[in-house]
Amino acid sequence: MTPQQYRRIRELLETAFDGEFGEDDLEHALGGLHVLVEEHGLLVGHGAVVQRRLLHQGRALRAGYVEAVAAHPRRHGYGARVMHEVERIVRGAYMIGALSASEGAGEFYRRRGWVRWEGPTAVLAPGGLTRTPDDDDSTYVLPVEAGTGIDVTQLIACDWRDGDVW
């Protein structure tokens, strides 16, 4: 990613999230694959897929974790375009897709086939497995591989990171 692309992505995220997109949030999106949607030279959509490990029923799942999905607030349809490509990436390389939906975005993801995680969420923190009840209602998954035995009513845990763990 060039410094100019980084600045443009940062500006879009600031606009889309009304100034509520922190440095940790942006850091979580780095190191993965970025989807950019432009219109007439203006960046109007962004999403990133980063690899994470999720622990579920004693197994580590290779997950395509979706970060920093944003669309310009005065444009329509760009979020769907971003997610179409994000989902193609997830389906092509991972056992499962996962994301934490911002407030009010759950229905958008459900319409696209994402499933809200019904069971408890947790993190593999430095001190051991720690419940994350604040994330129980915002965690969504996109099962990709058949036969993985994913049960959305059971506990799922993510790997540790600074900031919001989910």
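Bear in mind that the values in this text are calculations on the coordinates, not laboratory data. Worth saying up front: this structure is predicted, and the values here are computed from it rather than measured. So basically every Cβ, Gly included, is an ideal-geometry build from the backbone, and we count neighbours across all protein chains shown.
Net charge near THR139: determine it from the other residues with C-beta under 11 Å of the C-beta of THR139, scoring Lys and Arg +1 and Asp and Glu -1.
-4
Given points 7 Å out from each Cα along the Cα-Cβ axis, report the MET1 to ASP159 separation in nanometres with one decimal.
Rounded to a tenth, the inter-label distance reads 1.8 nm.
With axes computed from alpha carbons, what is the tilt in degrees of helix 3-16 against the longest principal axis of the chain, rounded to the nearest 10 within 0 to 90?
So the helix axis and the longest Cα principal axis differ by about 80 degrees.
How far apart, in nm, are two points set 7 Å out from the Cα along the Cα-to-Cβ line at ASP137 and at GLU107?
Each label point is offset 7 Å from its Cα along the Cβ direction, giving 1.5 nm.
Based solely on its DSSP helices, what 222 nm [θ] is calculated for the chain when runs of n ≥ 4 H residues each add -39,500 (n - 2.57) and the sum is averaged over all residues, nearest 500 deg cm²/dmol?
Helix-only estimate at 222 nm: -8000 deg cm²/dmol.
Against the longest principal axis of the chain, how steep is helix 78-93, in degrees 0 to 90 to the nearest 10, with axes from Cα atoms?
Approximately 40 degrees, to the nearest ten.
Could you list THR2, THR15 so that the one with the fewest beta carbons within 10 Å of its beta carbon is first and the one with the most is last?
Ascending Cβ contact count within 10 Å gives the list THR2, THR15.
Round to the nearest 0.05 the FRET efficiency obtained for ASP151 and THR15 when R0 = 41 Å and r is the Cβ-Cβ distance.
In this case the efficiency is close to 0.60.
Give the order of ILE89, ILE150 when sorted by the count of other beta carbons within 10 angstrom, beginning with the fewest.
ILE89, ILE150
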